[in-house]
Amino acid sequence: MLIIVIFTVSLSIILDNMTKSPSREDLTSNITYNAFVNYIESDNVATIYDYNKNAKKIKGKLKNGDLFITDNPESEDMKKYILEHGISLEEKPFNEKLFQSFIGMLLSIVPIIITIALISLFMGRLLKKQYSSNKDTKFGITMKCDITFDNVAGNEEAKQNMMELVDFLVSPERFKKFGVVPPKGTVLFGPPGTGKTLLAKALAGTAGVPFIAVSGSDFVEKFVGVGASRIRQLFEFARKSSPCIIFIDEIDALGKRSSSDGSGSGDERDRTLNQILVEIDGFSGSEGIIVIAATNRLDMLDPALLRSGRFDRQIQVALPDVDARLSILELHAKNKPLGSDIDLKEVAKMTVYMSGADLANVMNEAGIYAVRNNHSYITMKDIDNAISKIQAGEEKRNKKNITLKDKEITAYHEAGHALVAKLLSGATVSKVTIIPTTKGAGGYTLFLPDEKMFSTKRDLLNDIAVFLAGRASEEIIFGENNVTNGASDDLRKATQIAMNMVKNFGMSQNVGLVSFLDIHSNSSSNTNDNTIEKEVKDIIEQVYKETKELLKDNSDCLKNIATLLLERETIFKKDVDNIVENTMFKRGS
Ligand code: ADP
Ligand code: ZN
């Protein structure tokens, strides 16, 4: 660009030179070519100035002293014609000057051009290098986060803990005066989507400091072999940008307990982890750098990371409870038009076990449904669709390949779950459907379990019964040899509960109050293993028997639920409640 500018400037200088004529031209009169020829023929022309065969004009002086200018016919023999008439001819003295000035100009420009070319070449390389080094360091750098704690709802405790860190970043001198060493590392732990990244960004945003992010999984995938040097670069960059936040997501990918994985990649990971420890240990505390790490599994982390002076602050970020869910929903509903039929409290109740990210997603998907259906605001139906989509995967649009028999089996399987849940556990059955999902389930039953702190042995046995009820119903209706593989996930979950009861909760006769939580199966004796297995099996078999009895006793209810399911494909709480009440009433009369 610079080069072009200079060219245009010099060109205009040259053009100026060409058009700027000598002062005598000011007195010049324009004459026609015919008049010019007449003047020559009548021997009245004294001189021709600046003659150039290709010039547009011919300038000259008459013998009476008048200056003239006329069109140049640009003919080959004009010069000969003029000379033959004894007229003195001055050939393009200006052009020579022009040529000289052009050469002079060129000579003065060339070094500039060369300099500029060299500079731009150098700059280009520099930028390219910077860009590519940025590309392979892959630190996500946000100089100015516009997220604050106002963007985080629920989880007040974690929020409070994080807010305390703001002051260390904003006014470190205050703490220094009291000899306080600021916390160096904080681990946020909790299930995915609970807002760990959000909290770290809110801290950076509130303190107005840069947010430098990296993910542990990058070190396993992208930075193989250079992990330690990347960590060095990361902290070097942070020192230059301090005060700032370093956010290490999925730190478990780097800082796993060495015993939990015997793979050969351990060495490399250890070097990377060690470098983190070296960097953090090297902090004097006055750098103004706070390192925030996030993980789903605190128990998986190497204890060396959690030692005091390192990631010694551990903040739990749990799944939101019903009140937290309400405030998260309210936050994400703020910029959306909601219909009057929407009660976000109800939505909060319907979304047990959903994370903040799921809830944000629910509001967003509901918005998408509303736009697609040309609503002028979001309706409860849009929210309902969104919840179903997020809980169970989007309902398959193509239902052609489901046979009637499949549908029937699914209907009885789900009816079994729903009925046993309704009869035993007192859980609210909010939705039962036989519409397959893209997640692979044939259908599903959504429960809203009570949110309580403890589960009794009875609660756990009931939970097992609810899981086994799908298979039990299949067996009762279609016969022992016609049960399907659709229950595999149910069986796994039922077994897990029974296993916990025996191994960890002291809830079985023959194992008693011993906990096996910290004992690896290979270190405990075979007798123990056999006893545990037998106890688990006994529990499952006993509950299965009882569940079948319960379903047989209520087979009319079971059939009514399944029939309604086949008819409507999806039924809700009030449908199940109605069927159970009506059937009981009929039976009683
Ligand atoms: P994590 O890091 O725990 O996996 P994120 O912080 O990435 O979860 O959360 C993803 C998104 O979910 C956030 O950007 C936000 O939109 C939403 N979200 C999660 N938790 C909350 C919360 N407590 N309040 C508001 N929004 C939340
Ligand atoms: Zn099932």
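A few notes on this one:
- Enumerated helices (runs of 4 or more DSSP H) restricted to the range 147-232, each holding at least 1 residues that are more than 20 Å from the chain's Cα centre (by Cα) and more than 16 Å from ligand 2 (Cβ to nearest atom): 156-170, 172-177, 196-207
- Applying the condition of being at pLDDT below 65 and open to solvent by less than 30 Å² (accessible area, probe 1.4 Å) to the range 382-441 and asking which residue is nearest to Ser473 (Cα to Cα) yields Pro436.
- Residue that is surrounded by the most Cβ atoms within 10 Å (Cβ to Cβ) [pool: residues in the range 564-574 that are part of a helix (DSSP H, G or I) and in contact (Cβ under 8 Å) with a residue 40 or more places away in the chain]: Leu565
- Among the criteria (1) in a loop (DSSP other than H, G, I, E, B); (2) within 16 Å of ligand 2 (Cβ to nearest atom), the one Val511 does not fulfil is (2).
- Considering only residues in the range 354-390 that are within 14 Å of ligand 1 (Cβ to nearest atom) and outside any helix (DSSP H, G or I), the one that is nearest to Gly195 (Cα to Cα) turns out to be Ser355.
- Within the range 491-518, tally of residues that are more than 15 Å from Ile532 (Cβ to Cβ) and open to solvent by 20 Å² or more (accessible area, probe 1.4 Å): 3
- Some residue of the range 228-236 being within 23 Å of Ala318 (Cβ to Cβ) and assigned by TED's automatic domain parsing to the domain that holds Ala293: no
- Pairs, first more than 26 Å from Phe175 (Cβ to Cβ) in the range 280-304, second among the β-branched types (Val, Ile, Thr) and open to solvent by less than 40 Å² (accessible area, probe 1.4 Å), C-beta under 9 Å, six or more apart: Thr295/Val187; Thr295/Ile251; Leu298/Val187; Leu301/Val187; Leu301/Ile251; Leu301/Thr295
- The residue pairs whose first member lies in the range 160-186 and is within 10 Å of Ile290 (Cβ to Cβ), whose second member is surrounded by 11 or more Cβ atoms within 10 Å (Cβ to Cβ) and of a type in the set (D, E, K, R), and whose beta carbons are closer than 8 Å, counting only pairs six or more residues apart or on different chains, are Pro183/Asp312; Pro183/Arg313; Lys184/Arg310; Lys184/Asp312; Gly185/Arg310; Gly185/Asp312; Gly185/Arg313; Thr186/Arg313.
- Filtered by the rule that a residue be modelled with pLDDT of 90 or more, more than 17 Å from Ile390 (Cβ to Cβ) and among the charged types (D, E, K, R), the range 323-363 gives Glu330, Lys334, Asp341, Asp343, Lys345.
- The one condition in (1) of a type in the set (A, V, I, L, M, F, W, C); (2) open to solvent by less than 70 Å² (accessible area, probe 1.4 Å); (3) under 29 Å from Met354 (Cα atoms) that Phe223 fails to fulfil: (3)
- The residues in the range 68-79 that are under 12 Å from Tyr51 (Cβ atoms) and exposed (fewer than 13 other Cβ atoms within 10 Å of the Cβ) can be counted, and the count is 1.
- Selected residue (criterion: nearest to Ala348 (Cα to Cα)) from residues of the range 150-175 that are within 10 Å of ligand 1 (Cβ to nearest atom), out of contact with any Lys or Arg (no Cβ under 6 Å at 6 or more places or on another chain) and aliphatic (A, V, I, L, M): Ala153
- Selection count where residues are open to solvent by 10 Å² or more (accessible area, probe 1.4 Å) and either within 16 Å of ligand 1 (Cβ to nearest atom) or within 14 Å of Lys548 (Cα to Cα) (or both), scope the range 467-487: 9
- Pairs where the first residue, in the range 535-548, is in the same structural domain as Leu513 (by TED's automatic domain parsing) and surrounded by 15 or more Cβ atoms within 10 Å (Cβ to Cβ) and the second is of a type outside the set (Gly, Ala, Ser) and not in a helix (DSSP H, G or I), C-beta under 6 Å, 6+ apart: Glu535/Asn510; Glu535/Val511
- Output for the range 297-354, where each listed residue is under 30 Å from Phe283 (Cα atoms) and among the charged types (D, E, K, R): Arg297, Asp299, Asp302, Arg307, Arg310, Asp312, Arg313
- Scanning the range 159-204 for residues that are of a type in the set (Gly, Ala, Ser), on the phi < 0 side of the Ramachandran plot and surrounded by fewer than 21 Cβ atoms within 10 Å (Cβ to Cβ) turns up just one, Ser171.
- Checked against (1) surrounded by 15 or more Cβ atoms within 10 Å (Cβ to Cβ); (2) closer than 30 Å to Gly227 by Cβ; (3) of a type in the set (A, V, I, L, M, F, W, C); (4) modelled with pLDDT under 70, Leu127 passes all but condition (1).
- Scan of the range 332-369 for residues that are under 20 Å from the mean Cα position of the chain (by Cα), closer than 19 Å to Asn151 by Cβ and open to solvent by 40 Å² or more (accessible area, probe 1.4 Å), ordered by number: His332, Ala357, Asp358, Asn361, Asn364
- Note on the range 316-331: among residues that are crowded, with 21+ Cβ neighbours inside 10 Å and more than 9 Å from ligand 1 (Cβ to nearest atom), the one that is farthest from the chain's Cα centre (by Cα) is Leu326.
The values are calculated or read from the model by the stated rules, or taken from the named source; none is laboratory data. What you see is a predicted model, and the numbers here were worked out from it, not measured in a lab. Cβ atoms come from the backbone with ideal geometry, glycine included; neighbour counts cover every protein chain shown. Quick note on the areas: whole protein, heavy atoms, side chains included, nothing else; ligands and nucleic acids left out. Shrake-Rupley method; radii C 1.70, N 1.55, O 1.52, S 1.80 Å.
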